[in-house]
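**Q** The structure is given below, and queries will be raised subsequently.
The values are calculated or read from the model by the stated rules, or taken from the named source; none is laboratory data. The structure presented is a predicted model; accordingly, all values stated were derived computationally and were not measured. FYI the Cβ positions are ideal-geometry reconstructions off the backbone, even for glycines, and counts take in every protein chain you see.
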Amino acid sequence: MDRQTALERIQRVNKEREALIDIRGDQYATPADTLVTFSRAALICQGQGIILTPGQVAKVLMAVKLARLAEDPVHWDSVLDGHNYLDLAYLCDLESEQSVYGADASSSPSR
């Protein structure tokens, strides 16, 4: 595949991911509510003796999508959802970092 074709495919993925986020937002919640959902899932896991952060919950869901891609590497829904779970994991981790290090998370030791 040449560079131009690869870039066009990546752009297609990104457009469809954005559309999916809008659809899921209408179905389930706003992005802020989605992050709260991952926090709730982490608390449910904790009640079962499994300690996970909200970001780790999103990463587990991304891992499920990756496992499905092992069976069908071009399953479009898994590709889109996997990307979106990674984005949500990142947002959860940023939110957690801000709550630990303050509004300026860039001052955290990991930066």
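**Q** Exactly one of these conditions fails for Ala29: (1) modelled with pLDDT of 90 or more; (2) assigned to a loop (DSSP other than H, G, I, E, B). Give me its number.
**A** (1) is the only condition that Ala29 fails.
**Q** Going through segment 66-90 one residue at a time, which ones are under 19 Å from Lys15 (Cα atoms) and in contact with a Ser or Thr (Cβ under 9 Å, 6 or more places away or on another chain)?
**A** Scanning segment 66-90 gives a single hit, Leu88.
**Q** Taking segment 91-109, which residues are part of a helix (DSSP H, G or I), hydrophobic (A, V, I, L, M, F, W, C) and at pLDDT below 80? Explain how you work it out, then say what you get.
**A** Filtering segment 91-109 down to residues part of a helix (DSSP H, G or I) leaves 91-101, 105-107.
Narrowing the set further to residues that are hydrophobic (A, V, I, L, M, F, W, C) leaves 91-92, 94, 100, 105.
Scanning segment 91-109 gives Val100, Ala105.
**Q** Taking the condition of being polar (S, T, N, Q), touching a residue at least 40 places away in the same chain (Cβ under 8 Å) and assigned to a helix (DSSP H, G or I), how many residues in segment 40-90 meet it?
**A** Here is the first cut: in segment 40-90, the residues polar (S, T, N, Q) are 46, 48, 53, 56, 78, 84.
Now narrow it down to the ones that are touching a residue at least 40 places away in the same chain (Cβ under 8 Å): 53, 84.
So of that shortlist, the ones also assigned to a helix (DSSP H, G or I) come out as 84.
Counting residues in segment 40-90 that are polar (S, T, N, Q), touching a residue at least 40 places away in the same chain (Cβ under 8 Å) and assigned to a helix (DSSP H, G or I) gives 1.
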